[in-house]
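Notes follow the structure.
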Amino acid sequence: MSRLTAYLHPKCSTCERARRWLQARRVAFVEKDIRTTPPSPAELRTMLAALGGERRRLFNTSGLEYRGQGLAARLPALNDAEALGLLAGNGMLVKRPFVLGPGVGLVGFDETAWAVTLGAR
């Protein structure tokens, strides 16, 4: 499989489980700290398409940043460009882990879904 980019947060236990899962299955990936290097607007648009246009699924809805900015109420009124701009400007708003590559778009960690998508068991 082609290389993937995995946006992870170093203090996130779910991200650590995802990292170990990828490594155990020898899935090649480039790791980026989602906090300091959030996904680009182009990457976010690609992921949005992979998620069937469901913007809310891109957001870390349980995160302090999301709640602090009142995004649950604000998100429905935002257009895609505005929503993606928020995500590209603040990686802590992005649902993680966020894994993107050729034919792959995964947010959150679900071992079964990852195994199916990545063909790794």
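The values are calculated or read from the model by the stated rules, or taken from the named source; none is laboratory data. Computed from a predicted structure; not experimentally measured. With ideal geometry, Cβ positions are generated from the backbone for all residues, glycine too; neighbour counts draw on all protein chains shown.
Within the stretch 101-121, residues that are on the phi < 0 side of the Ramachandran plot and aromatic (F, W, Y) have Cβ atoms under 7 Å from residues that are surrounded by 20 or more Cβ atoms within 10 Å (Cβ to Cβ) and modelled with pLDDT of 95 or more in these pairs: F109/A18; F109/P97; W114/L106, counting only partners at least 6 apart in sequence or on another chain. Among the residues of the stretch 66-73, is there at least one that is part of a helix (DSSP H, G or I) and touching a residue at least 12 places away in the same chain (Cβ under 8 Å)? Yes, there is a match, as at least one residue in the stretch 66-73 is part of a helix (DSSP H, G or I) and touching a residue at least 12 places away in the same chain (Cβ under 8 Å).
Identify, please: which residue in the stretch 1-18 is over 28 Å from A73 (Cβ atoms) and without any contact (Cβ under 8 Å) to a residue 40 or more places away in the chain and is, among those, surrounded by the fewest Cβ atoms within 10 Å (Cβ to Cβ)? Checking each candidate, the answer is S13.
If the condition is being farther than 20 Å from C15 by Cα and in contact with a Phe, Trp or Tyr (Cβ under 6 Å, 6 or more places away or on another chain), then the stretch 46-92 contributes no residue at all.
The rows are residues; the columns are (1) under 20 Å from G119 (Cα atoms); (2) outside any helix (DSSP H, G or I).
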{"site": "W21", "(1), (2)": "yes, no"}
{"site": "R26", "(1), (2)": "yes, yes"}
{"site": "V30", "(1), (2)": "yes, yes"}
{"site": "E43", "(1), (2)": "no, no"}
{"site": "R57", "(1), (2)": "no, no"}
{"site": "E82", "(1), (2)": "no, no"}
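Of the residues that make up the stretch 35-48, is at least one small (G, A, S), over 14 Å from the mean Cα position of the chain (by Cα) and surrounded by fewer than 18 Cβ atoms within 10 Å (Cβ to Cβ)? No: the stretch 35-48 contains no residue that is small (G, A, S), over 14 Å from the mean Cα position of the chain (by Cα) and surrounded by fewer than 18 Cβ atoms within 10 Å (Cβ to Cβ).
What about T36, is it in a loop (DSSP other than H, G, I, E, B) and either free of Cβ contacts under 8 Å to residues at least 40 places away in the same chain or of a type in the set (S, T, Y) (or both)? Considered against the rule, which asks whether it is in a loop (DSSP other than H, G, I, E, B) and either free of Cβ contacts under 8 Å to residues at least 40 places away in the same chain or of a type in the set (S, T, Y) (or both), T36 comes out as yes.
The residues in the stretch 84-121 that are of a type in the set (G, A, S), surrounded by fewer than 20 Cβ atoms within 10 Å (Cβ to Cβ) and in a helix (DSSP H, G or I) can be counted, and the count is 5.
Residues in the stretch 55-83 that are within 12 Å of the chain's Cα centre (by Cα) and within 21 Å of T36 (Cβ to Cβ) were compared, and the one that is surrounded by the most Cβ atoms within 10 Å (Cβ to Cβ) is N60.
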